[in-house]
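Trainee: Please see the structure below; I have some questions.
The values are calculated or read from the model by the stated rules, or taken from the named source; none is laboratory data. Everything numeric here is computed off the predicted structure, so don't read it as measured data. Virtual Cβ from ideal backbone geometry, glycine too; neighbours counted across all protein chains shown.
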Protein chains: 2
Amino acid sequence: MKPPAPLTDTELEIMQVLWDLERGTVRDVYEILRKRRQVAYTTVMTMMGILEEKGHVKRRKEGRAFLYTPARPRQKVIASMVDEFVGRVFGGSARPLVVGLAKDRKLSAEDLAEIERILKENP
Amino acid sequence: MKPPAPLTDTELEIMQVLWDLERGTVRDVYEILRKRRQVAYTTVMTMMGILEEKGHVKRRKEGRAFLYTPARPRQKVIASMVDEFVGRVFGGSARPLVVGLAKDRKLSAEDLAEIERILKENP
DNA sequence: TCATTCGTACTAAGTTATTAGTAGATACGG
DNA sequence: CCGTATCTACTAATAACTTAGTACGAATGA
């Protein structure tokens, strides 16, 4: 059960759609993606095939087409992406990340309150 | 003055060394890098040449070799990497990022206090 | 002087990611 | 039944990234 290879940009883009849908066919994903940017149906299909090979999604036949479902919950995958990012960019410490966000005014007082609430709740 | 293309992994690795050193030759960077992992001198040189082409570093002749200096401060570059990451992974909102960090206990009460202090100081 | 060291420029190979086209099977509408 | 649409599998082309080798000039030192 080792975690799959990290998601590339396009892979992530498709996974986000799939997490939102919870499940979907190539066509489902394609129809959503094409609203944002030009992309070919077969491109989406290729990418979803790759996601399946890499273990990011499971698929089963559903009528004529495959129905794809995320293999791991969004939260877990995103968390490991954050870990990787923090490791690579900040040497593993989240503190300079949030400090930087605060200095650049990317965090509000409400965000702060929310963090405080979470830290209190999960002691 | 457009910001250069985003840093790739190896580029970032070298930039981190260069920001730490403030300036350095290929050999300086090479000697530090090779302590962490196997790498060829010419590989480091190639990468630093690419960093120069991309505008991430400046260089000038210093005796026989080139002396490289970062073109932009670490803080700015890292901040735009964070922006890109937050945009790509969290749709642009820093809140779910820090909330996730808090839930995963990657933030301490001290970190929280530091954020609070910064938000108060920069109103 | 002459071999060695150091540094650069140039070249190249291997990998991965991304995008999409083609061919063929299957289903479906009329 | 036949043409069209849909879906998959396979193939391909391009680009970027990473790594490192080769060639050659300049300096060094014995």
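Trainee: Pairs needed: first member in region B:97-108, buried (at least 16 other Cβ atoms within 10 Å of the Cβ); second member anywhere, among the charged types (D, E, K, R); C-beta distance under 7 Å; at least 6 residues apart or different chains.
Mentor: B:V98/A:D111; B:V99/A:E114
Trainee: Report those helices (runs of 4 or more DSSP H) wholly inside region B:1-67 carrying at least 1 residues which are over 21 Å from B:V77 (Cα atoms) and either away from chain A (no Cβ under 14 Å) or modelled with pLDDT of 95 or more (or both).
Mentor: Details: elements: B:9-21, B:26-36, B:41-53.
Helices (runs of 4 or more DSSP H) meeting the threshold: B:26-36, B:41-53.
Trainee: Sort through A:V86, A:V77 and tell me the only one that's within 22 Å of B:L112 (Cα to Cα) and either in contact (Cβ under 8 Å) with a residue 12 or more places away in the chain or among the β-branched types (V, I, T) (or both). Show your work before the answer.
Mentor: Working: A:V77 fails: within 22 Å of B:L112 (Cα to Cα).
Answer to the selection: A:V86.
Trainee: Quick one: would you say A:K54 is surrounded by 13 or more Cβ atoms within 10 Å (Cβ to Cβ), out of contact with any strand residue (DSSP E or B) (no Cβ under 7 Å at 6 or more places or on another chain), over 27 Å from B:S108 (Cβ atoms) and of a type in the set (D, E, K, R)? Break it down stepwise before answering.
Mentor: On the way: surrounded by 13 or more Cβ atoms within 10 Å (Cβ to Cβ): yes; out of contact with any strand residue (DSSP E or B) (no Cβ under 7 Å at 6 or more places or on another chain): yes; over 27 Å from B:S108 (Cβ atoms): yes; of a type in the set (D, E, K, R): yes.
For A:K54, the condition - surrounded by 13 or more Cβ atoms within 10 Å (Cβ to Cβ), out of contact with any strand residue (DSSP E or B) (no Cβ under 7 Å at 6 or more places or on another chain), over 27 Å from B:S108 (Cβ atoms) and of a type in the set (D, E, K, R) - is met.
Trainee: Being β-branched (V, I, T), more than 13 Å from DNA strand D (Cβ to nearest atom) and either more than 20 Å from B:G91 (Cα to Cα) or touching a residue at least 24 places away in the same chain (Cβ under 8 Å) (or both): is that true of A:I14 here? Talk me through it step by step, then tell me what you get.
Mentor: Numbers: β-branched (V, I, T): yes; more than 13 Å from DNA strand D (Cβ to nearest atom): yes; either more than 20 Å from B:G91 (Cα to Cα) or touching a residue at least 24 places away in the same chain (Cβ under 8 Å) (or both): yes.
So A:I14 passes the test.
Trainee: Would it be correct to say that A:G91 is within 16 Å of the chain's Cα centre (by Cα) and on the phi > 0 side of the Ramachandran plot?
Mentor: On the way: within 16 Å of the chain's Cα centre (by Cα): no; on the phi > 0 side of the Ramachandran plot: yes.
The answer is no for A:G91.
Trainee: Give me the residue from region B:1-47 that is of a type in the set (G, A, S) and within 13 Å of DNA strand C (Cβ to nearest atom) and, out of that set, surrounded by the most Cβ atoms within 10 Å (Cβ to Cβ).
Mentor: Initial filter on region B:1-47 (of a type in the set (G, A, S)): B:5, B:24, B:40.
Now restrict to residues that are within 13 Å of DNA strand C (Cβ to nearest atom): B:24, B:40.
On the way: B:G24: 23, B:A40: 10.
Residue satisfying both the conditions and the ranking: B:G24.
Trainee: Out of all the residues in region A:68-81, which are assigned to a helix (DSSP H, G or I) and either surrounded by 16 or more Cβ atoms within 10 Å (Cβ to Cβ) or within 16 Å of DNA strand D (Cβ to nearest atom) (or both)? Walk me through it before giving the result.
Mentor: Filtering region A:68-81 down to residues assigned to a helix (DSSP H, G or I) leaves A:74-81.
Passing the criteria: A:V77, A:I78, A:A79, A:M81.
Trainee: Continuing with this model, one more query. Mind checking whether some residue in region A:52-67 is over 16 Å from the mean Cα position of the chain (by Cα) and either of a type in the set (G, A, S) or within 25 Å of B:L12 (Cβ to Cβ) (or both)?
Mentor: To start, the set of residues in region A:52-67 that are over 16 Å from the mean Cα position of the chain (by Cα) comprises A:53, A:59-67.
Going one step further and asking which of them are either of a type in the set (G, A, S) or within 25 Å of B:L12 (Cβ to Cβ) (or both), we end up with A:63, A:65.
Scanning region A:52-67, I find at least one residue that is over 16 Å from the mean Cα position of the chain (by Cα) and either of a type in the set (G, A, S) or within 25 Å of B:L12 (Cβ to Cβ) (or both), so the answer is yes.
Trainee: Looking only at region A:82-123, which residues are modelled with pLDDT of 95 or more, outside any helix (DSSP H, G or I) and not small (G, A, S)?
Mentor: Matches in region A:82-123: A:D104, A:R105, A:K106, A:L107.
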